[in-house]
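Enquirer: Take this structure first; my questions come after.
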Amino acid sequence: MERFLRDKKAILVFVLPAALIYLFAVFVPILWSAYYSLFSGLPGINFKFTGLSNYAKMWGDRIFLTAFAMNIEYVGVVVAGQVGLGLVCSLLFMFGIRRYKTTVRTIVFFPVVLPVVAVAQLFTKIFEISPNYGLFNSLLVLLGLKDLVQPWLGQSASAFFVLCSMDIWTAMGFYAIIFYAALMDIPTEIIEAARIDGANGLRLLRHILLPALRPITLTCLVFSFTGTLKVFESALALTRGGPGTATKTLSMYMYDSSFLHSQYGYGSSIAVFILVECIVISGAINGLFGRRKY
Amino acid sequence: MSAKTVGSRLTSMLFKVFVLLFLAVEVYPILWMLLSSVKATREFTVNPSYALPEGLYLKNYVDAWTTGRMGVFFKNSLITTVLSLVLIVLLSTSVSFALVKMRWALRKAALSFFMSGIMVPVTIVLIPLFTMYKALHLLNTYWSLIITYTGFGLALSVYLISSYMRSLPDELIEAAVIDGCTIYSVFWKVVVPLSMNAIVTVIVIQFFFRWNDMIFSMTFISRTAMKTVQTGLLYFADEWGSKNWGAIFAAIAIGVMPTLALYGALNKLVIDGMTAGAVKG
């Protein structure tokens, strides 16, 4: 039996193909990007070793700084929205519904699986103003709020708002379902006992439910932070980063630098910067508020 | 009825109203998109956009499918998605088997090696992969997408399948060995059939991730005839989007149709599979 399970040739057959593809498509490119980030220009043309100067250059680059600031604002709003509304939603389910639990779960999770591009096209049309009003503007007219009709995606502040609400809309259900599952795992005796002791409403929430949800909240925060830090597809498909650079994210700037301006070295250093952000944030959440194994 | 029960009834009603509100916000945009996809062009200018369609104007779908080339994009997406799903399943089940059930020195290290890719932001691999595919003349081919999709599908799939295989009793393998099976037939005839639950979950989840991909497709594919549904949709929106509303809604509907169908059929499995990483994490 031992000999059988230690068969070296069989292990190679099972592991090698996957390891090779994984090395080729994921692992080597990460190291390769880190290496590229130490150069300037385009390989084979004007590629020059410049050490860490790309990383220094970022902090004097106005477009980088604007994108970075926009990214931070976006992350703040969207993480709060996804995780916060997810939590609210799960609590509503817990107290608001007795029957149709499965149906509600199915409906609320649904937007999670939709393609980002399709959702973005849909939101473009919802907030459209010409050639005809989209859903949002025509509902405003219906409600007698004609004065509020405006080109939502054509102005910096409102385009940012539409982008954030779209990404909250898509992912909220994911967090709602995770919180809901965790709430269902809290033993009913504990909740009953607290009720008998007179804890109701907000006090029940504050002293029983939220402490019990703490570990899963950390997990959700890590998911949401790492998901939003690298935002690319939704912003690109919704606004192309516009109007102007109002919704241009760091990932998009990385993409432009690399593939539009042919600055592979600089683009790589921004990509590395985003990866480091993700690692630091997940490390910080786990280190500051508790440990979590993966 | 005492004041207290009236109060709690009101609260419960209020909760129900809010639940309905949440559900409406999640569902209505999708419903609106489907309804709009069967409206004639005239309806968009004459009626407000929340109005119901006057009839079933299916020409939108024909336009999107043929003139808008959604048919071509759909075929490209189907080929790349299905082939990478086959590879992901084959590779991740065999690796998981070796990682969980076989005995070798580096298996702990190998597991963390595969797990390390779970949360990597894809932007970091774009330049190196683009460079490699260019050198290998693989840009604008299915292979550039299939290889990348497979590589990126492995981490989460190995995680899901190996955690599942860990719960299979070792005695089953021992019994099969005593019956004279080789290690390969133990894998094919005993372990794979018993891991079907996890494999189906992986197929479904990875289907969504690969079908919904946009960033790899837009980086490695520039020829219109090779675009996938998502990049095709972007292209379509740029070319037609502002003029032909009916067709763009039909194109969006075509793009989400497989997702809708799969989710409709297997929603419990999808939800459990997608949240597994977070819940068990």
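Read-outs: derived from the displayed coordinates by stated rules, not from any lab. The model shown is predicted, which means the values in this text are computed figures rather than measured ones. Cβ sites come from the backbone with ideal geometry, for glycine too, and all protein chains shown count toward neighbours.
Enquirer: In peptide B:19-32, how many Cβ atoms from other protein chains are near each Cβ within 10 Å, on average? Could the numbers behind the result be given before it?
Expert: On the way: counts 9, 4, 1, 12, 7, 1, 6, 12, 4, 2, 11, 7, 0, 5.
Whole-number average of other-chain Cβ neighbours for B:19-32 is 6.
Enquirer: Shape of segment A:201-294 from its Cα gyration tensor (a ≥ b ≥ c, root eigenvalues): rounded if a/c is under 1.5, otherwise prolate when a/b > b/c, or oblate?
Expert: oblate
Enquirer: Under 8 Å for C-alpha pairs, at least 6 residues apart: give me the relative contact order for chain B, rounded to a whole percent.
Expert: The normalised contact order for chain B reaches 29 percent.
Enquirer: Another one. Taking the Cα centre of segment A:189-247 as origin, sum charge times position over the Cβ atoms of Lys and Arg (+1) and Asp and Glu (-1), and report the length of that vector in debye to the nearest 20. Intermediate results must be reported in sequence, preceding the final value.
Expert: Values: 6 positive and 4 negative charges, 46 e Å.
In debye, rounded to 20, segment A:189-247 gives about 220.
Enquirer: Using a ≥ b ≥ c from the Cα gyration tensor of segment B:59-280 (square roots of the eigenvalues), is it rounded, prolate or oblate, where a/c under 1.5 gives rounded and otherwise the larger of a/b and b/c decides, a/b for prolate?
Expert: Working: a/c = 2.56, a/b = 1.88, b/c = 1.36.
Because a/c hits 1.5 or more and a/b exceeds b/c, segment B:59-280 counts as prolate.
Enquirer: Using Cα springs under 10 Å in a Gaussian network model of chain A, which residue among A:227, A:44, A:76 shows the largest mean-square fluctuation?
Expert: Of the options given, A:44 has the highest mean-square fluctuation.
Enquirer: Okay, next question. Using Stokes-Einstein with the Kirkwood hydrodynamic radius over Cα pairs, what translational diffusion coefficient do you get for the protein assembly as shown at 10 °C and a viscosity of 1.306 mPa s, in µm²/s rounded to a whole number? List each step's numbers first, then the result.
Expert: Values: Rh = 25.8 Å.
The calculation lands on 62 µm²/s.
Enquirer: Name the residue from A:279, A:131, B:253 whose Cα lies farthest towards the positive end of the charge dipole of the protein assembly as shown, charges +1 on Cβ of Lys and Arg and -1 on Cβ of Asp and Glu.
Expert: A:279
Enquirer: Among the lysines, select those whose C-alpha is under 19 Å from the C-alpha of residue B:16, and discard any that sit fewer than 8 residues away in the same chain.
Expert: Correct list for residue B:16: A:101, B:4.
Enquirer: Once every DSSP H run of n ≥ 4 in chain A is given -39500 (n - 2.57) and the sum is divided by its residues, what mean residue ellipticity at 222 nm do you get, rounded to the nearest 500 deg cm²/dmol? Write out the running numbers ahead of the final one.
Expert: Working: 15 runs with 199 residues, N = 294.
Using -39500 (n - 2.57) per qualifying helix, the result is -21500 deg cm²/dmol.
Enquirer: Pairs A:125/B:39; A:9/B:101; A:8/B:108; A:230/B:227; A:125/B:75; B:108/B:189: which are spaced more than 21 Å apart, C-alpha to C-alpha? If you can, show how the numbers build up before the last one.
Expert: Details: A:125/B:39 14 Å; A:9/B:101 15 Å; A:8/B:108 16 Å; A:230/B:227 23 Å; A:125/B:75 26 Å; B:108/B:189 26 Å.
Beyond 21 Å between Cα atoms: A:230/B:227; A:125/B:75; B:108/B:189.
Enquirer: Additional query: Across the residues of A:180-193, average count of Cβ atoms on other protein chains within 10 Å?
Expert: Details: counts 1, 5, 2, 0, 0, 1, 0, 0, 0, 0, 0, 0, 0, 0.
Counting Cβ atoms of other protein chains within 10 Å of each residue's Cβ and averaging gives 1.
Enquirer: Sticking with this one: Partner chain Cβ atoms within 10 Å, averaged over the residues of A:229-241 - can you pull that number for me? Can you show the working numbers first?
Expert: Working: counts 1, 7, 1, 6, 8, 1, 0, 4, 7, 0, 0, 2, 0.
So the per-residue partner count for this stretch is 3.
Enquirer: For chain B, what is the mean residue ellipticity at 222 nm derived from helices alone (per DSSP H run of n ≥ 4: -39500 (n - 2.57); sum divided by total residues; nearest 500 deg cm²/dmol)?
Expert: Working: 12 runs with 204 residues, N = 281.
Mean residue ellipticity, 222 nm, calculated: -24500 deg cm²/dmol.
Enquirer: Taking the Cα centre of segment B:59-280 as origin and charging only Cβ (+1 Lys, Arg; -1 Asp, Glu), how large is the dipole, in debye to the nearest 20? If you can, show how the numbers build up before the last one.
Expert: Values: 16 positive and 9 negative charges, 56 e Å.
For this selection, approximately 260 debye.
Enquirer: Go ahead and set up a Gaussian network model of chain A, Cα springs under 10 Å, then flag whichever of A:55, A:74, A:22 fluctuates most.
Expert: Largest GNM mean-square fluctuation: A:22.
Enquirer: Return the loop-located trypsin sites (Lys or Arg not before Pro) in segment A:55-145 (DSSP other than H, G, I, E, B) with at most 10 other Cβ atoms within 10 Å of their own Cβ; answer none if there are none.
Expert: Numbers: sites: A:57, A:62, A:98, A:99, A:101, A:105, A:125; in loops: A:98, A:99.
In loop regions of segment A:55-145 (DSSP not H, G, I, E or B), the sparsely surrounded trypsin sites (Lys or Arg not before Pro) are A:98, A:99.
Enquirer: If a helix is a whole DSSP H run, which ones in chain B reach 30 Å or further along their own axis (Cα) and hold a mean Kyte-Doolittle hydropathy of at least -1.0?
Expert: Details: long enough: B:3-36 (48 Å, 1.41); B:70-100 (43 Å, 1.90); B:142-166 (34 Å, 0.94); B:245-280 (43 Å, 1.24).
Correct list, ordered by number: B:3-36, B:70-100, B:142-166, B:245-280.
Enquirer: Using the Kirkwood radius over Cα pairs, work out the Stokes-Einstein diffusion coefficient for segment B:144-212 at 10 °C and 1.306 mPa s, in µm²/s as a whole number.
Expert: On the way: Rh = 13.4 Å.
Estimated diffusion coefficient is 118 µm²/s.
Enquirer: Place +1 on the Cβ of every Lys and Arg and -1 on the Cβ of every Asp and Glu in segment A:31-184, take the dipole about the Cα centre, and give the residue among A:116, A:170, A:92 whose Cα lies farthest towards its positive end.
Expert: It is A:92.
Enquirer: With charges only on Cβ, +1 for K and R and -1 for D and E, what is the dipole size of the protein assembly as shown about its Cα centre, in debye, rounded to 20?
Expert: On the way: 44 positive and 26 negative charges, 108 e Å.
Dipole magnitude for the protein assembly as shown comes out near 520 debye.
Enquirer: Are there trypsin sites (Lys or Arg not before Pro) in segment A:2-35 that DSSP marks as loop and that have at most 16 other Cβ atoms within 10 Å, and which are they? Before the final figure, lay out each step's value.
Expert: Details: sites: A:3, A:6, A:8, A:9; in loops: A:6.
The qualifying sites are A:6.
Enquirer: Out of A:114, A:38, A:148, any idea which swings most in a Gaussian network model of chain A, alpha carbons joined below 10 Å?
Expert: Of A:114, A:38, A:148, the Gaussian network model singles out A:148 as fluctuating most.
Enquirer: I would also like to ask the following. With a ≥ b ≥ c taken as the square roots of the eigenvalues of the C-alpha gyration tensor of chain A, please select rounded if a/c is under 1.5 and otherwise prolate if a/b is larger than b/c or oblate if it is not?
Expert: Details: a/c = 1.99, a/b = 1.16, b/c = 1.72.
Because a/c hits 1.5 or more and a/b fails to exceed b/c, chain A counts as oblate.
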